[in-house]
Amino acid sequence: MGGFFGAVGASDVISDVFFGVDYHTHLGTRRGGMAAYDKEIGLQREIHNIQNSPFRTKFADIFDDMKGSSAIGCISDYDPQPLLIRSKFGAYAICMIGVINNANELIEEYLSETGGHFNAMTAGATNSTELVAALINQKNGFAEGIKFAQSKIEGTASILILTSKGSLIAARDKLGRLPILIGKNENGYCVSFESFAYQKLGYDDFKELGPGEIVKLTRDSYTVLEKPQKEMRICSFLWSYYGYPTSTYEGVNVEVMRCRNGEIMAENDKATGVADDLDYVVGVPDSGIPHAIGYANQSKVPYARAFIKYTPSWSRSFTPTNQSERERVAKMKQIPVHDLIKDKKLLFVDDSIVRGTQLKETVEFLYDHGAKEVHMRSACPPIMYSCKYLNFSRATSDMELIARRTIMELEGEEGNKYISEYSDASTERGKKLRKAICEKLNFTSLEFQSLEGIIKAIGLEPCKLCTYCWNGKE
């Protein structure tokens, strides 16, 4: 995934950007970077690997190494950024969040038409942010270049630029799949993916950019370079999973949505008479917890933490590259509360069920500690398509997804014609899917939130939400 934060003010903003970027650590675990502009020094930049150490640890010396009245920073799950670019517009720093699905085609087109070049990374790969910069530089200004880049890119690209004169240029992706929010205080302006990040730093809400909107910020001015488009497809998973609980997007708070989502799931279970004899409702840490609290409040079944994640020494930033080690770390984090598990009928709520590997181990872990029943609820519909718009739960094949893999096992290729039926719990195919996954993962019962339910919980018009991973509709 990834997230960025930038600020411009009358005085030094390095502290604001340091903490602002750190507040985006939940969105990525691979690279962190900051760039700043100072009138005397010019542009400066630092990038660090944060796979096995938190952003704030790697950048602890930034206050001695960098200064400036404007700065940007980024958390990235993939390419190192921000990059420093020298172009006909002058030097600038740039970072990007999103994904470019047609990168190879764009690179070949650029190389053949311009005779230019790219820095090659390991195995000859090209940094996506450098590709975005190359597209921007083909036009006569930042706004025109950004619009051109976004029109060429198949995928998603939200962009943040720090110019050689110290201004910031922020551009939300053309369909608004990701948020960009602007904050303001007496010192100047800031740009953020997460609203709470700037609120904690003393900025007030100023504006949320619309789809495709481009703005320029200086310490005392806010200029719209490109007006927002009407069509929006903001990612529904922002609320279900990867958005931070204290953030608000399009006027909808994440924590509030998740609790409401859990309430709707509990209402559905009550209507069907499923899992009505429970000891506890439990949330799978961390993002499953508020969904579970909503379920517990509505169902009147007590909420409990049957196991706790041990995070002091197993932080999210520690992500081994080896799959078996990642699975072992995930297991090491889970510390059981035996009295809340042994001989108990438990209903767990998770934010989603993607591949199912970790959930299977979690259920085995619960039964090993004496659980009588383990019911599972997914806070979103069955994931049927790997995301092609964001670097989130991206799979090399839809067959990596447990729902699609199970359909293949049940019906072969023919089953792909009936995906909508398999998603629907009321159909025969939908019941078979849930029964098969129950047997595969050893659940007592399984249900998914319906598409209608999660849209109701978010509260925005369906046409404004991206639900591609659930129904394949673009």
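Filter the stretch 73-97 for residues that are in a loop (DSSP other than H, G, I, E, B) and in contact with a Gly (Cβ under 8 Å, 6 or more places away or on another chain) and give the result. Listed by number, the residues that qualify are ASP77, TYR78, PRO80, GLN81, PRO82, PHE89.
All conditions in (1) surrounded by 22 or more Cβ atoms within 10 Å (Cβ to Cβ); (2) in contact with a helix residue (DSSP H, G or I) (Cβ under 7 Å, 6 or more places away or on another chain); (3) of a type outside the set (Lys, Arg) hold for GLU421, with the sole exception of (1).
Among strands (runs of 3 or more DSSP E) lying entirely in the stretch 1-72, which contain 1 or more residues that are without any contact (Cβ under 8 Å) to a residue 60 or more places away in the chain? Ranges flagged: 31-38, 42-49. The lone criterion from (1) part of a helix (DSSP H, G or I); (2) at pLDDT 95 or above; (3) within 17 Å of the chain's Cα centre (by Cα); (4) not small (Gly, Ala, Ser) left unmet by TYR241 is number (2). Residues that are within 24 Å of ILE455 (Cα to Cα), at pLDDT below 95, surrounded by 15 or more Cβ atoms within 10 Å (Cβ to Cβ) and not β-branched (Val, Ile, Thr) do not occur anywhere in the stretch 364-372.
Can you find even one residue in the stretch 87-99 that is surrounded by fewer than 12 Cβ atoms within 10 Å (Cβ to Cβ) and assigned by TED's automatic domain parsing to the domain that holds GLU154? Checking the stretch 87-99: at least one residue is surrounded by fewer than 12 Cβ atoms within 10 Å (Cβ to Cβ) and assigned by TED's automatic domain parsing to the domain that holds GLU154.
The condition of being surrounded by 18 or more Cβ atoms within 10 Å (Cβ to Cβ) and over 20 Å from the mean Cα position of the chain (by Cα) holds for only one of ILE383, ILE407, ILE458, ILE454, that being ILE407. Taking every residue in the stretch 97-116 that is at positive phi and pairing it with any residue that is at pLDDT 95 or above and part of a loop (DSSP other than H, G, I, E, B), at least 6 positions away or on another chain, the pairs with Cβ-Cβ distances below 9 Å are GLY98/ILE153; GLY98/ASP173; GLY98/ARG177; GLY98/LEU178.
Taking the listed residues ALA296, ALA275, ALA266, ALA292, the one that is crowded, with 22+ Cβ neighbours inside 10 Å, without any contact (Cβ under 8 Å) to a residue 40 or more places away in the chain and in contact with a strand residue (DSSP E or B) (Cβ under 7 Å, 6 or more places away or on another chain) is ALA296, with no other qualifying.
Report yes if some residue within the stretch 43-52 is surrounded by 17 or more Cβ atoms within 10 Å (Cβ to Cβ), at pLDDT below 95 and of a type in the set (Lys, Arg); otherwise report no. Checking the stretch 43-52: not a single residue is surrounded by 17 or more Cβ atoms within 10 Å (Cβ to Cβ), at pLDDT below 95 and of a type in the set (Lys, Arg). If you take the residues in the stretch 248-262 that are touching a residue at least 60 places away in the same chain (Cβ under 8 Å) and not hydrophobic (A, V, I, L, M, F, W, C), which one is nearest to PHE193 (Cα to Cα)? Per the criteria, the residue is TYR249. Taking the stretch 363-460 and the helices (runs of 4 or more DSSP H) fully enclosed by it, the elements with 2 or more residues that are free of Cβ contacts under 8 Å to residues at least 12 places away in the same chain are at 402-411, 428-441. For the stretch 127-181, which positions are farther than 26 Å from GLU474 by Cβ and polar (S, T, N, Q)? If the condition is that a residue be farther than 26 Å from GLU474 by Cβ and polar (S, T, N, Q), then ASN127, ASN137, GLN138, ASN140, THR163, SER164, SER167 are the ones that fit. The strands (runs of 3 or more DSSP E) found wholly in the stretch 121-209 and carrying at least 1 residues that are touching a Ser or Thr at 6+ places or on another chain (Cβ under 8 Å) and acidic (Asp, Glu) occupy 204-208. Among residues belonging to the stretch 245-263 that are out of contact with any His (no Cβ under 6 Å at 6 or more places or on another chain) and assigned to a helix (DSSP H, G or I), point out the one that is surrounded by the most Cβ atoms within 10 Å (Cβ to Cβ). Ranking the qualifying residues of the stretch 245-263, first place goes to MET257.
Could you tell me whether the stretch 359-379 includes any residue that is of a type outside the set (S, T, N, Q), closer than 16 Å to CYS469 by Cβ and out of contact with any Cys (no Cβ under 6 Å at 6 or more places or on another chain)? Checking the stretch 359-379: at least one residue is of a type outside the set (S, T, N, Q), closer than 16 Å to CYS469 by Cβ and out of contact with any Cys (no Cβ under 6 Å at 6 or more places or on another chain).
Only one of the listed residues (GLY141, GLY115, GLY73) is under 22 Å from the mean Cα position of the chain (by Cα) and not basic (Lys, Arg). That residue is GLY73.
If you filter the stretch 130-177 down to residues that are over 25 Å from SER69 (Cβ atoms), touching a residue at least 40 places away in the same chain (Cβ under 8 Å) and small (Gly, Ala, Ser), you find that the one that is surrounded by the fewest Cβ atoms within 10 Å (Cβ to Cβ) is GLY155.
The values are calculated or read from the model by the stated rules, or taken from the named source; none is laboratory data. In this text the structure is predicted, and so the values were computed from the model without any measurement. All Cβ positions, even for glycine, are placed from backbone atoms using ideal geometry, and neighbour counts span all protein chains on display.
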